[in-house]
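Structure first, commentary second.
The values are calculated or read from the model by the stated rules, or taken from the named source; none is laboratory data. Remember, predicted model here, so these are calculated numbers, not experimental data. Glycine gets a Cβ as well: all are built from the backbone with ideal geometry, and neighbour counts include every protein chain shown. With ligands, DNA and RNA removed, areas are computed over all heavy atoms of the protein, side chains included. Shrake-Rupley method; radii C 1.70, N 1.55, O 1.52, S 1.80 Å.
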Amino acid sequence: MNFKEIDVHTLLPQQEPFVMIHQLISYDEERTVTSFTVTEDHLYYENGTLNAYALIENIAQTCAARMGYVNQYINNEDVSIGFIGAVRNLVIKRVPRLGETLTTTIRVVEEILKLTLVSAEIKVGDETIVTAEMKVAVQ
């Protein structure tokens, strides 16, 4: 599948102005990658940077894109709504600046029923700017 052809809005329960990913880069059962470019008209942009809340939401929406892809393209189901259950070991080395493109990778650590634990990494180029673990529950 050519992931560039997928409109991420069809994978997410969130819609503008709350969308925190621009493209699904790749998906497999263990790993999902998305990208997002910081623009000055974004809701979470202030004083030249994207704020820290946006980074947590970016990870959550990468999880949502993963589930949206599975639902829509593998299971032929509607997009599910998920909730952040917990964020652990969050390390924000810096916040991204205007024009920078974030590449967010989540790796499934464990999946039990409708609860998924992922490890996450956000990079700008080769620089890791955020790492975290997140639990997401699907409704």
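Candidates are the residues of the range 100-125 that are open to solvent by 50 Å² or more (accessible area, probe 1.4 Å) and closer than 20 Å to Met20 by Cα; the one that is farthest from the chain's Cα centre (by Cα) is Gly125. For the range 59-96, a residue qualifies if it is hydroxyl-bearing (Ser, Thr, Tyr) and either open to solvent by 60 Å² or more (accessible area, probe 1.4 Å) or under 20 Å from Gly125 (Cα atoms) (or both), and the qualifying residues are Thr62, Tyr73. Restricting attention to the range 69-77, does a residue exist that is hydrophobic (A, V, I, L, M, F, W, C) and touching a helix residue (DSSP H, G or I) at 6+ places or on another chain (Cβ under 9 Å)? Checked the range 69-77: no residue is hydrophobic (A, V, I, L, M, F, W, C) and touching a helix residue (DSSP H, G or I) at 6+ places or on another chain (Cβ under 9 Å). Of note, Glu111 does not satisfy the criterion of being part of a loop (DSSP other than H, G, I, E, B), modelled with pLDDT under 95 and acidic (Asp, Glu).
If you go through the range 22-32 one residue at a time, do you hit one that is of a type in the set (Asp, Glu) and without any contact (Cβ under 8 Å) to a residue 40 or more places away in the chain? Yes, there is a match, as at least one residue in the range 22-32 is of a type in the set (Asp, Glu) and without any contact (Cβ under 8 Å) to a residue 40 or more places away in the chain.
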